[in-house]
Amino acid sequence: MSENKLTYKTEGRTLVMERMFDAPRELVFKAFSESDHLEQWWGPEGWETESRKFEFVPGGVWHYCMRCKDENQGDFYGMESWGKTIYSEINPPEKIVYTDVFSDEEGNSADGMPATQVTMNFVEQGEVTKLIVHSQFESVEALQKVVEMGVVKGTDSQYRCLDDHLKQIQHV
């Protein structure tokens with residue numbers, strides 16, 4: 001197994017992250033496209049995700065809540081973070097395009113938080129998959145705000161959770 005590190009760079013108001021996964025492309029895509037799978041790994045380590053609504057079709061919405069269940073995370077313990085994804089393009093198993101926003105429990109977009117246009121490309125490389133994520137923000141300042149909030153560290157943690165999930169489902 002290779003050591004899969006998250007790499008990232010910024011290009012203007014776009015954050016580009018790349019990561020390899022030791023699983024076939026169809027399986028990695030499935031982990032992003034089915035609610036039962038997303039709930040098993042989405043969110044940073046020590047957090048659990050619950051889907052309130054999940055419609056994996058263009059124009060569909062995934063409304064979810066992440067809750068910190070790890071007492072060792074101090075002030076984050078017990079915290080909830082609501083999010084909403086609005087899918088605009090789905091091309092299995094190659095590409096998912098969506099808008100990502102912070103939301104409230106009812107699914108209303110959170111004021112003052114940047115919306116992000118996300119394009120995920122799943123690139124088959126033999127038995128491994130390269131995931132390339134382009135996240136375009138409203139402005140360079142909005143991108144900087146999210147980077148300062150720890151989006152890269154959180155994504156890296158989340159992808160380690162996905163690694164564990166892929167190992168579990170790969171041999172089922």
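Do you know which residues across the range 135-172 are of a type outside the set (G, A, S), surrounded by fewer than 16 Cβ atoms within 10 Å (Cβ to Cβ) and outside any helix (DSSP H, G or I)?
Scanning the range 135-172 gives E138, M149, H171, V172.
Go through I90, I96 for me and flag whichever is touching a residue at least 40 places away in the same chain (Cβ under 8 Å), in contact with a Ser or Thr (Cβ under 8 Å, 6 or more places away or on another chain) and open to solvent by 30 Å² or more (accessible area, probe 1.4 Å).
Values: I96 fails: open to solvent by 30 Å² or more (accessible area, probe 1.4 Å).
Result: I90 is the single residue among I90, I96 that is touching a residue at least 40 places away in the same chain (Cβ under 8 Å), in contact with a Ser or Thr (Cβ under 8 Å, 6 or more places away or on another chain) and open to solvent by 30 Å² or more (accessible area, probe 1.4 Å).
I'm checking my understanding of the structure. Among residues of the range 38-50 that are touching a residue at least 40 places away in the same chain (Cβ under 8 Å) and open to solvent by less than 30 Å² (accessible area, probe 1.4 Å), which one is farthest from C68 (Cα to Cα)? First the steps, then the outcome.
Filtering the range 38-50 for residues touching a residue at least 40 places away in the same chain (Cβ under 8 Å) gives 40-45.
Imposing the further condition that a residue be open to solvent by less than 30 Å² (accessible area, probe 1.4 Å) reduces the set to 41, 43.
Numbers: W41: 13, G43: 9 Å.
Applying the filter and picking the extreme gives W41.
Filter the range 119-128 down to residues that are touching a strand residue (DSSP E or B) at 6+ places or on another chain (Cβ under 9 Å) and surrounded by fewer than 18 Cβ atoms within 10 Å (Cβ to Cβ) and give me whichever is farthest from F54 (Cα to Cα). First the steps, then the outcome.
Keep residues of the range 119-128 that are touching a strand residue (DSSP E or B) at 6+ places or on another chain (Cβ under 9 Å), which gives 119-125, 128.
Now restrict to residues that are surrounded by fewer than 18 Cβ atoms within 10 Å (Cβ to Cβ): 119, 121, 123-125, 128.
Working: T119: 18, N121: 21, V123: 25, E124: 26, Q125: 29, V128: 27 Å.
Among them, the one singled out is Q125.
Just one of V97, V57 is at negative phi, under 16 Å from the mean Cα position of the chain (by Cα) and not basic (K, R); which is it? First the steps, then the outcome.
Values: V57 fails: under 16 Å from the mean Cα position of the chain (by Cα).
None of the others qualify; the one that does is V97.
Output the residues belonging to the range 1-37 that are acidic (D, E) and closer than 22 Å to Y64 by Cα.
E34, D36
Between V128, V140, which is touching a Gly at 6+ places or on another chain (Cβ under 8 Å) and over 11 Å from M17 (Cα atoms)? Reasoning before the result, please.
Working: V128 fails: touching a Gly at 6+ places or on another chain (Cβ under 8 Å).
It is V140.
Please specify each residue of the range 132-172 satisfying the condition of being of a type in the set (A, V, I, L, M) and under 17 Å from H37 (Cα atoms). It would help to see each step written out before you state the result.
Here is the first cut: in the range 132-172, the residues of a type in the set (A, V, I, L, M) are 132-133, 140, 142-143, 146-147, 149, 151-152, 162, 166, 169, 172.
Correct list: L162, L166, I169, V172.
Would a scan of the range 30-43 turn up a residue that is out of contact with any Gly (no Cβ under 6 Å at 6 or more places or on another chain) and farther than 22 Å from L166 by Cβ? Can you show your working first?
Filtering the range 30-43 for residues out of contact with any Gly (no Cβ under 6 Å at 6 or more places or on another chain) gives 30-43.
Those left that are additionally farther than 22 Å from L166 by Cβ: none.
No, the range 30-43 has no match at all.
The values are calculated or read from the model by the stated rules, or taken from the named source; none is laboratory data. Fair warning: this is a prediction, and the values are worked out from it, not measured in the lab. FYI the Cβ positions are ideal-geometry reconstructions off the backbone, even for glycines, and counts take in every protein chain you see. We work out accessible area using only protein heavy atoms, side chains counted, and drop any ligands, DNA or RNA first. Shrake-Rupley method; radii C 1.70, N 1.55, O 1.52, S 1.80 Å.
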